[in-house]
């Protein structure tokens with residue numbers, strides 16, 4: 001089958017402004033509903049969150065969801081009912097498999113500076129697993145001019161282990177840096193530009209833009225301008241419209 005692409009522009013995302021929190025939603029979330037944007041394959045949520053100094057999310061529950069946080073600027077403090085307490089900083093990838101149920105809180109760890117992070121939800125392959133928490137730092141050198149595997153179902157190459165047939169890569173691109181990613185046959189892919197800008201398969205993307213690629217084959221990245229990008233290798237299925 002022929003590969004097809006569709007740009008999800010940053011300017012078209014849903015937004016929420018709670019004062020202490022300013023959030024942009026790539027897909028339907030909370031009070032933002034768009035039947036055309038109900039996730040992509042098993043990727044359900046990408047929230048681009050900016051939390052003011054001293055602000056944060058109080059303790060709240062989750063179950064049967066793979067939730068990971070990716071900090072772009074500042075520091076995010078996490079506590080949960082698994083007994084985990086940590087501070088997540090740029091370069092860290094935090095993954096919480098909610099399974100049978102877990103409650104957590106997330107606060108800006110600074111009293112003076114904002115925190116900017118992505119919170120991403122992926123639908124799990126199996127429900128009812130034992131909850132677990134993972135966190136790992138991936139240095140900029142590991143992502144500079146290449147795509148570093150950060151999540152995978154089997155923990156390949158030191159990545160965090162996710163409960164789904166999905167792989168997530170992180171990369172940094174500037175100037176002449178280029179990279180390519182060849183996916184298994186008949187996969188879908190979603191590219192999210194977290195910051196800066198770059199070209200993906202000839203499509204120019206800016207911060208906050210996403211690119212849906214159906215029947216993905218090879219992805220080509222280049223012409224980056226201080227770009228940070230996440231790439232999702234996903235099962236070839238469509239999420240039902242609600």
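Just a few scattered comments:
- For the range 119-149, the set of residues classified as closer than 21 Å to residue 235 by Cβ and out of contact with any helix residue (DSSP H, G or I) (no Cβ under 8 Å at 6 or more places or on another chain) consists of 120, 121, 122, 123, 124, 125, 126, 127, 128, 129, 147, listed by residue number.
- Every condition in (1) on the phi > 0 side of the Ramachandran plot; (2) at pLDDT 95 or above holds for residue 54 except the one numbered (2).
- In the set (1) buried (at least 20 other Cβ atoms within 10 Å of the Cβ); (2) modelled with pLDDT under 95, the condition left unmet by residue 217 is number (1).
- Some residue of the range 64-76 being more than 26 Å from residue 126 (Cβ to Cβ), out of contact with any helix residue (DSSP H, G or I) (no Cβ under 6 Å at 6 or more places or on another chain) and touching a residue at least 60 places away in the same chain (Cβ under 8 Å): yes
The rows are residues; the columns are (1) modelled with pLDDT of 95 or more; (2) in a strand (DSSP E or B); (3) within 14 Å of the chain's Cα centre (by Cα); (4) farther than 16 Å from residue 206 by Cβ.
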| position | (1), (2), (3), (4) |
| --- | --- |
| 7 | yes, yes, no, no |
| 11 | yes, no, no, no |
| 15 | yes, yes, no, yes |
| 24 | yes, yes, yes, no |
| 27 | yes, no, yes, yes |
| 45 | yes, yes, yes, yes |
| 49 | yes, yes, yes, yes |
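- Checking each residue in the range 189-200 for being over 12 Å from residue 231 (Cα atoms) and either buried (at least 23 other Cβ atoms within 10 Å of the Cβ) or modelled with pLDDT under 95 (or both) picks out only 198.
- Scope the range 12-37; condition in contact (Cβ under 8 Å) with a residue 12 or more places away in the chain, closer than 16 Å to residue 211 by Cα and surrounded by fewer than 16 Cβ atoms within 10 Å (Cβ to Cβ); matching residues: 36
- For the range 102-116, the criterion of being in contact with a strand residue (DSSP E or B) (Cβ under 7 Å, 6 or more places away or on another chain), crowded, with 17+ Cβ neighbours inside 10 Å, modelled with pLDDT under 95 and in a loop (DSSP other than H, G, I, E, B) is satisfied by at least one residue.
- The single condition from (1) outside any strand (DSSP E or B); (2) under 15 Å from the mean Cα position of the chain (by Cα); (3) without any contact (Cβ under 8 Å) to a residue 60 or more places away in the chain that residue 124 fails is (3).
- Tallying residues that are under 13 Å from residue 224 (Cα atoms), surrounded by fewer than 20 Cβ atoms within 10 Å (Cβ to Cβ) and touching a residue at least 40 places away in the same chain (Cβ under 8 Å) within the range 144-175 yields 2.
- The set of residues in the range 90-121 that are in contact (Cβ under 8 Å) with a residue 40 or more places away in the chain and under 15 Å from the mean Cα position of the chain (by Cα) comprises 91, 92, 93, 94, 95, 97, 116, 117, 118, 119, 120, 121.
The values are calculated or read from the model by the stated rules, or taken from the named source; none is laboratory data. This structure is a prediction, so every number in the text was calculated from the model and none was measured. Every residue, glycine as well, gets a Cβ built from its backbone with ideal geometry; the counts of neighbours run over all protein chains shown.
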